[in-house]
Amino acid sequence: MTTAPGSPAAEGRARGTRPPVPRLRDVLREQFHATGFAMRLPLLIAPVFAVLATLVLALRIRSGDAVVNLHAQPSSFPGIVGALLPIAVWAREERFGPGFLWTLPVDRLRHAVIKVVAGWLWLMAGVLIFALCQLVLALVSGGQLLPMETLHMVSAPVSFRDRLDPAAVWTVRWAPGPIIWAIPFVAATATYLLGSAVMLGIRYPLRWVVGVVGLSAILSAIGDMASRSLGIPWLNHTADRVISLFVEGRYGLELLLTLRSWSLDHRAILTTGEQIQVWSALPPLADWRIAALLWTGAGLLALLAAVSRHRERRRR
């Protein structure tokens, strides 16, 4: 009795050879589609709100009640979305342990990085649509694409609770230039990297968030009691000052997201009764460049440290 020779694929399997590893671009393409499918609900809700907001603004523009200047003051919305998006990207995945994602024929660490990149591509697409919507509204309303604004400045520290003397207010022309276009993309990227590092590096991130908030409240209360009992003023509100350093410091998150418009821009009432927006300093573009490098670099380092927890550990 004779037997027919087996196929090459069958002979390869008989020898115990492994199937070829998918190419990175193929894995990225599939992860891009899979990530979009996993986030289908927010991807459907966001356009609805965008269309409604655009219609409302369009009606106001048509009636002459609104003029839209593109990124006249950077919105914190892209940065907030970048920080929250990793939750949606990894919500359905078992990040630690033998989940389905880690059974695919791709190195575990590499697969984690590819999924982060896929989520980032969706984020950049969303920020691009956000910027294009503002561009269209600016063009329709006759607003400025590269805004040059007249800012009301105060020449000395003043109390904005009191009425200001008009003599203490002076004006300056501020033109941020094309860099204003980069702020939402860079801010969203930096916060996305940090959020991805938290999701990939910590098994129970919600517990850590609650623990950090609770610990800071306890430390603040202890510092206040120690300050009163020991007579050491710098112990008072220590935790608040540390948080303020990361948020409102020279290179803090507020600068990265909004060019520090939250703390520099104030509503003031003049002695004449007129209400105006007053700036205590010009938005620091030079500091923003440094903050963008620091926060993006910190996000990359944190992400590298987080994905290192997902290295393959095969027994030989």
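The values are calculated or read from the model by the stated rules, or taken from the named source; none is laboratory data. Keep in mind it's a predicted model, so treat the numbers as computed, not measured. Cβ atoms come from the backbone with ideal geometry, glycine included; neighbour counts cover every protein chain shown. The protein model used for the area step is the full one, side chains on, heavy atoms only, and it has no ligands, DNA or RNA in it. Shrake-Rupley method; radii C 1.70, N 1.55, O 1.52, S 1.80 Å.
Screening the candidates VAL169, VAL154, VAL186 for the property of being modelled with pLDDT of 75 or more, β-branched (Val, Ile, Thr) and under 18 Å from the mean Cα position of the chain (by Cα) yields one hit, VAL186. For first residues located in region 276-294 and over 30 Å from ASP165 (Cα atoms), partners that are open to solvent by 40 Å² or more (accessible area, probe 1.4 Å) and part of a loop (DSSP other than H, G, I, E, B) and lie 6+ apart or on another chain with Cβ distances below 7 Å form the pairs ASP287/ARG250; ASP287/TYR251; ILE290/TYR251; ALA291/TYR251; LEU294/TYR251. Output yes when any residue across region 301-309 is surrounded by fewer than 16 Cβ atoms within 10 Å (Cβ to Cβ), out of contact with any strand residue (DSSP E or B) (no Cβ under 8 Å at 6 or more places or on another chain) and basic (Lys, Arg), and no when none is. The answer is yes; a qualifying residue exists.
Could you please let me know if SER244 is modelled with pLDDT under 80, out of contact with any helix residue (DSSP H, G or I) (no Cβ under 7 Å at 6 or more places or on another chain) and of a type outside the set (D, E, K, R)?
Spelling it out, SER244 is indeed modelled with pLDDT under 80, out of contact with any helix residue (DSSP H, G or I) (no Cβ under 7 Å at 6 or more places or on another chain) and of a type outside the set (D, E, K, R).
Taking helices (runs of 4 or more DSSP H) that fall entirely within region 251-315, which contain at least 2 residues that are farther than 29 Å from ILE180 by Cα? Per the criteria, 285-307.
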